[in-house]
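The values are calculated or read from the model by the stated rules, or taken from the named source; none is laboratory data. Keep in mind the model is a prediction, meaning the values are calculated, not measured. Here Cβ is always computed from backbone atoms with ideal geometry, including for glycine, and neighbour counts include all displayed protein chains. Quick note on the areas: whole protein, heavy atoms, side chains included, nothing else; ligands and nucleic acids left out. Shrake-Rupley method; radii C 1.70, N 1.55, O 1.52, S 1.80 Å.
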Amino acid sequence: MNKNITKKHKYQLVSDIIVDNIETEKLYSGDKLPSERELAEQFDLSRMTARNVYLKLEREGYISRLDRQGWFVSPTKLRYELARSASFVGNIVKSGLSPKIQVLQKGVLPYSKSVADALKLTSNDEVILVRRLFSVKTTPSMVERLYISGNRFPDFLEKQLNRSIVSIWEKDYGVELKSTLINIRLEALTNADCSLLAVSQGTVGLNLSQVFSEKKGRPVGFSDQSWRGDVAEFSFAIDYEKK
């Protein structure tokens, strides 16, 4: 980094220098950046200006802050093509990567009207929750809360749940998925999810919810996902001529 910059444009120029170093691969995904104090000393900035530089680059997706570890160049973004596969695991595998899945929690839930409505269940239906953490390479990427009907999927909790749920539905229960309703919105990650995803408390991420329906039109699962905002970009392919 070059220290020969004018005071008038320091904030933007320091930002541009860091971006240029990332885009020209002088800095790589996962590289640790100087602390805010070190950045301030290196470019003769105030500590507040140095912090604002990093916050700006965080908003733009170039860098991310790991709780109690410092600032790092953001991971290379996953390309999640939502129209290609209903399964996150299937999407990532088709991209040539192998996701790691950790089962955090599994069990039967008390009746929840919001979940029952999403899955079109009655109060007599048993609702199963599976909470999982997905990591790609060494980066924790997404926390999923998956809700399904225990009546529709008996013995589900005995399955090996650190793999594609869609493949379990297909192979073990004969489910043929017909459609997936997807909603995406920004959300402030919970403190628990921030800890799991190795980001600072208060970090804004993405919430992606999916309702999976089988060929008969019956919902079979509701997936509520909290994503780190810097690890993935979502794409849709729409053919208007088929409409």
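Search the stretch 1-19 for residues being at pLDDT 50 or above and among the hydrophobic types (A, V, I, L, M, F, W, C), and hand back the single one that is most open to solvent (accessible area, probe 1.4 Å). The qualifying residue most open to solvent (accessible area, probe 1.4 Å) is Leu13. As a summary of the residue check, Gly217 satisfies the conditions (1) modelled with pLDDT of 90 or more; (2) at positive phi except for the one numbered (1). Take the residues in the stretch 105-138 that are more than 24 Å from Ser213 (Cβ to Cβ) and surrounded by 14 or more Cβ atoms within 10 Å (Cβ to Cβ), then tell me which one is modelled with the highest pLDDT. Among those residues, the one meeting the criterion is Leu133. Residue by residue through the stretch 20-35, note down the ones that are outside any loop (DSSP other than H, G, I, E, B), at pLDDT 90 or above and not charged (D, E, K, R). The answer is Asn21, and nothing else. Of the residues making up the stretch 169-190, those that are under 23 Å from Pro140 (Cα atoms) and of a type in the set (Val, Ile, Thr) are Ile182, Ile184, Thr190.
As a summary of the residue check, Lys120 satisfies the conditions (1) in contact (Cβ under 8 Å) with a residue 12 or more places away in the chain; (2) on the phi < 0 side of the Ramachandran plot; (3) of a type outside the set (Ser, Thr, Tyr) except for the one numbered (2).
Restricting the stretch 190-212 to residues that are open to solvent by 20 Å² or more (accessible area, probe 1.4 Å) and more than 24 Å from Ile128 (Cβ to Cβ), the residue that is modelled with the highest pLDDT is Asn191. Here Ser179, Ser167, Ser226 are screened, and the one residue that is touching a helix residue (DSSP H, G or I) at 6+ places or on another chain (Cβ under 8 Å), exposed (fewer than 15 other Cβ atoms within 10 Å of the Cβ) and not in a loop (DSSP other than H, G, I, E, B) is Ser167. Of all the numbered requirements in (1) among the small types (Gly, Ala, Ser); (2) part of a helix (DSSP H, G or I); (3) closer than 21 Å to Ser112 by Cβ, Ser209 misses one, and that requirement is (2).
In a residue-by-residue description of the stretch 36-52, the property of being in a helix (DSSP H, G or I), under 26 Å from Phe153 (Cα atoms) and at pLDDT 85 or above applies to no position. Before we move on, is Lys215 surrounded by fewer than 14 Cβ atoms within 10 Å (Cβ to Cβ) and free of Cβ contacts under 8 Å to residues at least 24 places away in the same chain? For Lys215, the condition - surrounded by fewer than 14 Cβ atoms within 10 Å (Cβ to Cβ) and free of Cβ contacts under 8 Å to residues at least 24 places away in the same chain - is not met.
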